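Only one structure is covered here, and it is reproduced in the block below.
The values are calculated or read from the model by the stated rules, or taken from the named source; none is laboratory data. Since this is a predicted model, take the numbers as computed values, not measurements. Cβ: placed from backbone, ideal geometry, glycine included. Neighbour counts: every protein chain shown.
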Amino acid sequence: MGEIEINPNVAVMENYDDNITYLNINPKQDFITTATLGLSAKYEGKTQSLDFLGHLNQQIFAKNDNFNNISEDFNLNFQKEFSRYDRISIKNVFLHAQEPRSFEDAFGRTSGRYSYYDNRLSMGYSHDISKEITLTAAMPTKPTSCQQTTKVILTLTV
């Protein structure tokens, strides 16, 4: 049986933003203090592994306290071997935030500061038919405008 490695972390940041509302008209400026509590955990056994990384963030605005908020994010990866030939993998990425954290998050967004959620789950199953041939079935999900699109992808690797 494997060991569990747990690592907590704490961080505090101070930022200045000259347009906290993301609007072109009448922008507001403010200093933002962000306090973060985080946790990473890792488990590795002979036939399975589990990785977790999560953060809880509190943003405090100096002048505009109506924008104070809490955001969360976590990543979870799980892999399990059932036999020499069969294994599964599960990955989940969750984000709840008040502002975009990447170009992909900002793309297609309307202007303004508001809460949004993003959850991406993917699952896969692999079976080694022989040393040279592996059959993989994967089911990724990606949110698109409040809907989950699900498809199964079959891959034969030679």
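Give all pairs with beta carbons closer than 9 Å in which a residue from the stretch 115-135 that is among the β-branched types (Val, Ile, Thr) and assigned to a strand (DSSP E or B) meets a residue that is modelled with pLDDT under 85 and surrounded by fewer than 14 Cβ atoms within 10 Å (Cβ to Cβ); count only pairs at least 6 apart in sequence or on separate chains.
These pairs meet every condition: THR134/THR155; THR134/LEU156; THR134/THR157; THR134/VAL158.
Yes or no: ARG113 touching an Asp or Glu at 6+ places or on another chain (Cβ under 9 Å), at pLDDT below 90 and surrounded by 14 or more Cβ atoms within 10 Å (Cβ to Cβ)?
yes
I'd like to know if the stretch 95-105 contains one or more residues that are part of a helix (DSSP H, G or I), within 14 Å of the chain's Cα centre (by Cα) and surrounded by fewer than 13 Cβ atoms within 10 Å (Cβ to Cβ).
Looking through the stretch 95-105, at least one residue is part of a helix (DSSP H, G or I), within 14 Å of the chain's Cα centre (by Cα) and surrounded by fewer than 13 Cβ atoms within 10 Å (Cβ to Cβ).
Give just the number: which of (1) surrounded by 12 or more Cβ atoms within 10 Å (Cβ to Cβ); (2) touching a Ser or Thr at 6+ places or on another chain (Cβ under 6 Å); (3) of a type outside the set (A, V, I, L, M) does ASN7 not satisfy?
In the conditions (1) surrounded by 12 or more Cβ atoms within 10 Å (Cβ to Cβ); (2) touching a Ser or Thr at 6+ places or on another chain (Cβ under 6 Å); (3) of a type outside the set (A, V, I, L, M), ASN7 misses (1) alone.
Within the stretch 26-50, restricting attention to residues that are at pLDDT below 95 and basic (Lys, Arg), which residue is surrounded by the most Cβ atoms within 10 Å (Cβ to Cβ)?
Result: LYS28.
(1) surrounded by 15 or more Cβ atoms within 10 Å (Cβ to Cβ); (2) under 30 Å from LYS28 (Cβ atoms); (3) modelled with pLDDT of 90 or more: which one isn't true of PHE78, the others all being true?
(2)
Of (1) under 21 Å from the mean Cα position of the chain (by Cα); (2) of a type in the set (Phe, Trp, Tyr); (3) exposed (fewer than 14 other Cβ atoms within 10 Å of the Cβ), TYR16 satisfies all except one. Which?
Evaluating TYR16 over (1) under 21 Å from the mean Cα position of the chain (by Cα); (2) of a type in the set (Phe, Trp, Tyr); (3) exposed (fewer than 14 other Cβ atoms within 10 Å of the Cβ) leaves (1) as the failure.
Just checking, how many residues over the stretch 1-48 are part of a strand (DSSP E or B), farther than 20 Å from PHE61 by Cβ and among the small types (Gly, Ala, Ser)?
Count: 3.
Taking the stretch 116-141 as the search range and keeping residues that are out of contact with any Leu (no Cβ under 9 Å at 6 or more places or on another chain) and more than 16 Å from PHE78 (Cβ to Cβ), which one is modelled with the highest pLDDT?
Among residues in the stretch 116-141 that are out of contact with any Leu (no Cβ under 9 Å at 6 or more places or on another chain) and more than 16 Å from PHE78 (Cβ to Cβ), the one modelled with the highest pLDDT is SER130.
Is one or more of the residues making up the stretch 2-18 of a type outside the set (S, T, N, Q) and in contact with a Pro (Cβ under 8 Å, 6 or more places away or on another chain)?
Within the stretch 2-18 (the criterion being of a type outside the set (S, T, N, Q) and in contact with a Pro (Cβ under 8 Å, 6 or more places away or on another chain)), the answer is yes, since at least one residue qualifies.
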